[in-house]
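Structure first, commentary second.
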Amino acid sequence: MGCKCTGSKTWTFSDPAIDPALLEDTLVAYSGVRGSLIPILQKAQDAYGYLPVDLLAYIAHRTGVKPAKVMGVVTLYTQVRTKPVGKNLILLCQGTACHVNGSADIEDAIRDYLGVQEGEISEGGLFTYNNVACLGCCSLAPVIMIGDKFYGNLTKESVTDVLSQIEQREEAAQ
């Protein structure tokens, strides 16, 4: 998490889309507030879609939180992303119930349909899938979550139908 600032503390970011001004109100609102790191990270991720390492260094600098602590929080919580993701983030449950009910087959179907590996962005930027330890929907196993919607009791066929429907909705909206 090396600092990419100059002596005058003018920050530059590897992603030109990162405008620190978008985070300014949040940083001011939480200035000096103990325990505010997670809400700041959430607001930053909402603003930028992900949290690149140089932005994390900036947040550490602005909040006075040690960079190691910022990274500790980031690596602890799976909802925090340090890489860009597609417009629709698919969370594929790999918990015990999902595993024994075929989550590996669901992952194969997702990978084949999207033509990407876990964490990669599909062509056109529409999808990224990530495996997660548990979504807490064991009665729906195997299950995925896209946005705030759960899709359960999946088969290879039904998961590709879900992805196809989302793709068609996105194309119609354009």
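The values are calculated or read from the model by the stated rules, or taken from the named source; none is laboratory data. Just so it is clear, the structure is predicted and the values come from calculations on it, not from any experiment. Using ideal geometry, Cβ is built from the backbone for each residue, glycine included, and neighbour counts are taken over all protein chains shown.
Exactly one residue out of 107, 118 is buried (at least 16 other Cβ atoms within 10 Å of the Cβ), under 19 Å from residue 78 (Cα atoms) and among the charged types (D, E, K, R): that is 107.
Scanning segment 44-59 turns up one or more residues that are among the charged types (D, E, K, R), under 18 Å from the mean Cα position of the chain (by Cα) and part of a helix (DSSP H, G or I).
For residue 39, the criteria (1) over 17 Å from the mean Cα position of the chain (by Cα); (2) surrounded by fewer than 17 Cβ atoms within 10 Å (Cβ to Cβ); (3) without any contact (Cβ under 8 Å) to a residue 24 or more places away in the chain; (4) not in a loop (DSSP other than H, G, I, E, B) hold in every case but one, which is (1).
Quick check on residue 107: is it acidic (Asp, Glu), outside any helix (DSSP H, G or I) and either touching a His at 6+ places or on another chain (Cβ under 7 Å) or not assigned by TED's automatic domain parsing to the domain that holds residue 14 (or both)? No; evaluated as a whole, the condition is false for this residue. Could you grab me the full set of residues in segment 42-73 that are crowded, with 19+ Cβ neighbours inside 10 Å and farther than 16 Å from residue 21 by Cα? Matches in segment 42-73: 70 only. Taking segment 110-136 as the range and being assigned to a loop (DSSP other than H, G, I, E, B) and of a type in the set (A, V, I, L, M, F, W, C) as the test, the residues that pass are 116, 126, 133, 134, 135.
Within segment 137-154, restricting attention to residues that are part of a loop (DSSP other than H, G, I, E, B) and in contact (Cβ under 8 Å) with a residue 24 or more places away in the chain, which residue is surrounded by the most Cβ atoms within 10 Å (Cβ to Cβ)? Per the stated criteria, the residue is 142. Would you mind telling me which numbered condition in (1) in a helix (DSSP H, G or I); (2) among the polar types (S, T, N, Q); (3) outside the structural domain of residue 53 (by TED's automatic domain parsing) residue 75 fails? So residue 75 meets the others, but not (3).
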